[in-house]
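> Supplied in structure tokens, the structure appears directly below.
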């Protein structure tokens, strides 16, 4: 049976996506530890199916200012990933590397923006490498596009994709323990429906 939208995903499909999230998050924690040169660990990520309004509220409401990093996915599967990072997460990155915290997301300097963009690239690559290893698929990602804005505006880009695949989106809530302090990042995955079918087929899961 073909998937018509993400609302048709069942518990077994979410379990598969959660396991991919677990592996990807573990890879990301290891890669961040190497990059930051500080102890880094990860709690078990929460994988949810949320509708648009739930997603906005989960991220602190439409007027909450955050960093959004959009990553295109291409190859054997296509779609996009959107990372939404709080100021606390970004400050943890710059504090570990430079000893200084970000005071204002809107006024990050070039070095701070470059670091955050590289972190987004590391995290996206960690997830896609986990997926490629599990499935044997060829998967590539684009360089993250970074923006600072209110959450409602950040989500407006993938919201267009939401309408095409259903009224819910795959949401991964990660909590990293970096140098003994906890910070969280949130990943929104918007795969093409055919790509989801291909993914589950490769993993031997019926749809």
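Each reported figure results from applying straightforward, stated rules to the coordinates on display, with no laboratory input. Since the model is a prediction, treat every value here as computed from it, not as a measurement. Quick reminder, even Gly has a Cβ in these numbers, built from the backbone with ideal geometry, and neighbours come from all protein chains shown.
> Quick check on this structure: which one of 17, 49, 70 is in contact with a strand residue (DSSP E or B) (Cβ under 6 Å, 6 or more places away or on another chain) and part of a helix (DSSP H, G or I)?
The conditions single out 17.
> Tell me, which residue of region 52-63 that is in contact with a helix residue (DSSP H, G or I) (Cβ under 7 Å, 6 or more places away or on another chain) and assigned to a helix (DSSP H, G or I) is surrounded by the most Cβ atoms within 10 Å (Cβ to Cβ)?
My answer is 56.
> When you look at residue 159, is it touching a residue at least 60 places away in the same chain (Cβ under 8 Å) and surrounded by 18 or more Cβ atoms within 10 Å (Cβ to Cβ), yes or no?
no
> For residue 74, indicate whether it is farther than 27 Å from residue 169 by Cα and touching a residue at least 60 places away in the same chain (Cβ under 8 Å).
It is false that residue 74 is farther than 27 Å from residue 169 by Cα and touching a residue at least 60 places away in the same chain (Cβ under 8 Å).
> Could you figure out which of (1) in contact with a strand residue (DSSP E or B) (Cβ under 7 Å, 6 or more places away or on another chain); (2) on the phi > 0 side of the Ramachandran plot isn't true of residue 124?
Here residue 124 meets the rest and fails (2).
> Oh, and also: Only one of 124, 96, 90 is part of a helix (DSSP H, G or I), under 13 Å from the mean Cα position of the chain (by Cα) and either in contact (Cβ under 8 Å) with a residue 24 or more places away in the chain or exposed (fewer than 15 other Cβ atoms within 10 Å of the Cβ) (or both). Can you tell me which?
Answer to the selection: 124.
> Moving to a separate point now. Would you confirm whether any residue within region 22-44 is under 23 Å from residue 147 (Cβ atoms), assigned to a strand (DSSP E or B) and in contact (Cβ under 8 Å) with a residue 24 or more places away in the chain?
No - not one qualifying residue is present in region 22-44.
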